[in-house]
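A quick write-up on the structure given underneath.
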Amino acid sequence: MIIIKNGALVTPQGLRRADLAMDGDKIVRIAAAIEPAEGDTVEDAAGCWVFPGFIDGHTHMQCWTGMDWTADSFETGTRAAACGGTTTIVDYATADRGVTMPDALAEWHRRADGTCTANYAFHMALAEWNERNRADLSAMREAGVSSFKTYFAYDHLRLDDAETLEVLEELKRIGGILCVHCENGTLVNELQKRVFEQGIHGPEGHALSRPDVCEAEAVSRLLYLAHLAGDAPVNVVHLSTKLGLEAIRAAKARGQKNIYVETCPQYLMLDDTRYLEQGEDGFAGAKYVMSPPLRHAGDRAALREALVAGEIDTIATDHCSFNLHGQKDRGRDDFRAIPNGGPGVEHRPVAIATSFEGQLGPEDLCRLMSENPARVFGMYPRKGCLAEGSDADVCVWDPKARWTIRAATQHQAVDYTPLEGFEAHGRAKAVFVNGVLAARDGEPTGAQPGRYVPR
């Protein structure tokens, strides 16, 4: 057995000074004191918090996005995740138009199986709605996929409102949840054209062409459609605006149920002034080209307040990494050609713990980045909690560690980080995935114990 001793456990019942024993891939005992037997391994967690492994419910690894392949493979991305304390990702498999969901799922398994340090589950994104996809939803549930995604933006991905309504109705029937990218794609397309024709070609054009109204309108529309479908469960992904937040509040005030809200560190920590960064070659602002874009400081403040107040359910990353040099810089003369996305899977836990120091305690961090993702996506209590019988995904967290985030020392396979120079408070001291030590003090051990997580 591996026995974690002398730590403060973050359990469903609250903080508890106790020892924890793992045998194989399960937590087998939690007690005030567990004495090791011959052959047992002891991990001293004195002065540390002991969390259930963190879960990132929104990643795009080894993925073609319509412009390019992401920089991180499942191998590099899950390794980076584990180094930061994340033991499970939920990645977006995508059934492009003309591709069936079973074929898409098989392709994502081919990319991920046998390569992962952290565990992985899959959402299934639908780029079209037809009778074949309707029939295949039940097959996806049987294959362990319980969460799906549709888009209101991107011409090659988006569904119309009637199609979205039918998806919601079918998912409610089979017990699934729909995650939706909420931007009004018709407006974005027109505003991109207008902004470019005004002579704004740099990275700042990205934010100018995707204003808060585009998100808020789409959030409101989604919630009305979900209500029309009998309050079908929906997850509003990567919420970035105060207006979008107000649309969610309005739906909840009407009594609508089954609304879940996700945001990301970038919308809680950065703002749209970053698009004006010059860097060495005058193009550093491209690092922050992601969709939705970074927002005004007022949006950031509103989301931070809502997070602390408990209005936001989960924090994910939308990790979708592209190198600044060789990928993003192909849009140097046209912001519309800059691949959308940024890295973050490695640094999410420490970024939130540090940025909200004094506002969010260990139980809050656990709720937002482990327990709630497990609940929303059908993994709880197997994952997302420290309990006897739960999976042995455990993060021993040293809150006293101090270090600086640098691209030069990160494990994300990308040539920058949006958090360059960030003074981090806390670190994953030891990270166990399925009972195997996967990372220590931010460095991988080389083990690849990650498994597919059917839900």
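Nothing in this text is a laboratory measurement; each read-out follows from the coordinates by a stated rule. It should be emphasised that the depicted structure is a prediction, and the values quoted were computed from it without experimental measurement. With ideal geometry, Cβ positions are generated from the backbone for all residues, glycine too; neighbour counts draw on all protein chains shown.
Some values worked out for this structure:
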| item | result |
| --- | --- |
| Chain lengthening between A387 and D23 when straightened (0.36 nm per residue, less Cα-Cα) | 129.7 nm |
| Computed Kirkwood radius, in angstrom, where 1/r is averaged over Cα pairs of segment 273-369 | 15.1 |
| Dimensionless Rg over Rh [segment 260-328; C-alpha; Kirkwood] | 1.03 |
| Rg(Cα)/(2.2 N^0.38 Å) for segment 244-296, N = residue count | 1.59 |
| Cα Rg over Rh - segment 1-130, Kirkwood | 1.12 |
| Quarter of Cα convex hull surface for the chain, i.e. mean projection, nm² | 20.1 |
| Segment 247-365, dipole about Cα centre (Lys/Arg Cβ +1, Asp/Glu Cβ -1), debye to the nearest 20 | 460 |
| Reachable lysines, given that their alpha-carbon falls under 17 Å from the alpha-carbon of K26 and they are not under 8 places away in the same chain | K5, K383 |
| Most to least packed among 292-302, 313-323, 27-37 [average Cβ atoms within 10 Å] | 313-323, 292-302, 27-37 |
| Highest-first arrangement of 339-346, 131-138, where packing means the average Cβ count within 10 Å | 339-346, 131-138 |
| Rel. contact order, % - alpha carbon contacts under 8 angstrom, at least six apart, the chain | 22 |
| Gain on full stretching of the segment that runs from T273 to E305 - 0.36 nm per residue minus C-alpha separation | 9.5 nm |
| Number of Lys pairs (Cα under 26 Å; 8 or more positions apart or on different chains) in segment 191-308 | 5 |
| Cα Rg over Rh - segment 354-455, Kirkwood | 0.98 |
| Net charge contributed by nearby residues that have their C-beta within less than 11 Å of D391 (K/R +1, D/E -1) | +2 |
| Reduced Cα scattering model of segment 144-222, Debye log10 I(q)/I(0), q = 0.23 Å⁻¹ | -1.02 |
| Helical mean residue ellipticity (222 nm; -39500 (n - 2.57) per DSSP H run of 4+; nearest 500) of the chain | -8500 deg cm²/dmol |
